[in-house]
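Enquirer: Got a structure for you, questions after.
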Amino acid sequence: MSKYLPLWPDQASTMASQVDLLYIYLLLVAGVMTALIFLAVTVLAIKYRRRPGVAAHQIEGSTILELGWSIIPFFVMLTFFIWGAVIFFQERTPPADATEVYVVAKQWMWKIEHIEGQHEINELHVPTGQNIKLIMTSQDVIHSFYIPAFRLKQDVLPGRYTTLWFKATVPGRYHLFCAEYCGTMHSGMGGDIVVMKPEDYALWMAGGSSTPLAENGRALFSSLGCSTCHRSDVKGRGPDLAGIYDKPVQLDDGRTVIADDNYVRESILDPTAKIVSGFKPVMPAFQGIVTDEQLNALVAYVKSLSQPAQGSAALQNAPATSPGQPEVQ
Ligand code: CUA
């Protein structure tokens, strides 16, 4: 599209053409509606103009006509909403097989952590044809992760995770913007998304040895003393964490919540916020003690206890993982 009409940025993800099609449709419908109104105004102004010798007479209106020009455009406009909602839900729902990448924003840079252990600043390398899920948080203020060539934008907030997913289609270097005013250097808070062919990406990944994120998390888990209470045997003072990720957890106030990224994060920073049924609120809070990067490593570790099949991040040190989980890949 951008080849013929340089009004659009490159299309480099599976979402890009869908978003563009909807946008073109919006422009067309808006154009047709505008033309119809202008045409009607012009034709009626000429037809019913004041003429000498012709007496004006009152026209009483038409219910059918009024209903028609209200109801028909209503349904036409509703197509914007339906089409937009379909794309929105696609963009909001990461595929289960997506490779996870952690993003930490701060004034004024983007820090990227691959679960394989690679770290990047203001650059994100991804392969074509693979679903990538970004798990993002901010160390300070609200930022926004914006890749025009992917037609994607997501706010990045302090104190919680937000996610974004995409499948890149065309190798190349695409600009990454911060799209939320975040201080003096906001306009300089950018970077590049480097999309590579899978074989080039594998080479890039292999270069430079790094400790997988979940491995770092496991080291932290024992150095912070978590492993003394979160044990798989029955005497554990905290719940056994093997197999809990993304599963329902029964709380002592009767609620049931899903142990997703934000739940694990909150349970580390503020353990008394949601007490697991059958346990006492004895865990110390880690708010202000662990950094966002350490938190990501801990979350990746807890996750790895439930995802035996997810790439090199799988760290099997617990015997009981969820038995019913299908193998990914
Ligand atoms: Cu970060 Cu604007």
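Every number here is computed from the coordinates shown, using simple stated rules; none is lab data. Being a predicted model, the structure only gives us computed values, none of them experimental. Reconstructed Cβ throughout: ideal geometry from the backbone, glycine too, with neighbour counts over all protein chains shown.
Enquirer: Determine, from the Cβ-Cβ distance of L7 and I59 and an R0 of 51 Å, the FRET efficiency 1/(1 + (r/R0)^6), rounded to the nearest 0.05. Each step should come with its number before you reach the end.
Expert: Working: r = 44 Å, r/R0 = 0.86.
Efficiency at R0 = 51 Å is approximately 0.70.
Enquirer: Between 0 and 90 degrees, rounded to the nearest ten: what's the tilt of helix 63-92 against the longest Cα principal axis of the chain?
Expert: Taking Cα atoms only, the helix is inclined about 20 degrees.
Enquirer: Nearest 10 degrees is fine. How inclined is helix 16-47 to the longest principal axis of the chain, computing both from alpha carbons?
Expert: 20 degrees
Enquirer: Which aspartates and glutamates have a Cα less than 18 Å from the Cα of K274, not counting those fewer than 8 places away in the same chain?
Expert: D240, D246, D252, D253, D260, D261, E266
Enquirer: Along the charge dipole of the chain, which of S304, A98, I268 sits closest to the positive end, that is, farthest toward it, with unit charges on the beta carbon of Lys, Arg, Asp and Glu (+1, +1, -1, -1)?
Expert: A98
Enquirer: Select from P198, L220, Q11 the residue farthest towards the positive end of the dipole of the chain; place +1 on Cβ of Lys and Arg, -1 on Cβ of Asp and Glu, and compute about the Cα centre.
Expert: Going by the charge dipole, the pick is Q11.
Enquirer: Give me the Kirkwood hydrodynamic radius of the stretch 213-317, using the inverse of the mean 1/r over all pairs of distinct Cα atoms, in Å to one decimal. Numbers along the way, then the final one.
Expert: Details: mean 1/r = 0.0722 Å⁻¹.
By the Kirkwood definition, the hydrodynamic radius is 13.8 Å.
Enquirer: On a 32 Å Cα-Cα criterion, which of the cross-link pairs K247/K280; K167/K280; K106/K303 come out too long?
Expert: Details: K247/K280 21 Å; K167/K280 43 Å; K106/K303 25 Å.
From the list (K247/K280; K167/K280; K106/K303), the Cα-Cα distance tops 32 Å for K167/K280.
Enquirer: Another one. Rg and Dmax of the chain, Cα atoms, in Å?
Expert: 27.1, 103
Enquirer: Can you tell me the dipole magnitude for the chain around its Cα centre, using point charges on the Cβ only (Lys, Arg +1; Asp, Glu -1), in Debye to the nearest 20?
Expert: Values: 25 positive and 30 negative charges, 203 e Å.
Using Cβ point charges on Lys, Arg, Asp and Glu, the chain gives about 980 debye.
Enquirer: Enter the angle in degrees (range 0 to 90, nearest 10) between the Cα long axis of helix 213-223 and the first principal axis of the Cα atoms of the chain, meaning the one along which they spread out most.
Expert: The angle comes out at about 50 degrees.
Enquirer: Could you compute the longest span of the chain free of trypsin sites (Lys or Arg not before Pro) located in DSSP loops and having at most 15 other Cβ atoms within 10 Å, not counting the site residues?
Expert: Result, exposed sites excluded: 51-159.
Enquirer: Between L152 and residues 5 or more places away or on another chain, which pairs have amide H atoms under 5 Å apart, with H built 1.01 Å from N, and which residues are they?
Expert: The answer is I147.
Enquirer: Right, here's the next one. Multiply the residue separation of S187 and I46 by 0.36 nm, subtract the distance between their alpha-carbon atoms, and state the gained length in nm to one decimal. List each step's numbers first, then the result.
Expert: Details: separation 141, 0.36 × 141 = 50.76 nm, distance 5.24 nm.
Roughly 45.5 nm would be gained on extension.
Enquirer: Okay, which of the stretch 115-148 sit inside 17 Å, backbone N to the point 7 Å along the Cα-Cβ direction of T291?
Expert: 115, 117-123, 137-141
Enquirer: Can you pull out the chymotrypsin sites (Phe, Trp or Tyr not before Pro) in the stretch 264-307 whose DSSP state is coil and whose Cβ has at most 16 other Cβ atoms within 10 Å?
Expert: Details: sites: F279, F286, Y301; in loops: F279, F286.
Qualifying residues, ordered by number: F279.
Enquirer: Distance from the Cα centre of the stretch 165-197 to that of the stretch 79-156, in angstrom?
Expert: Centre-to-centre (Cα) distance: 10 Å.
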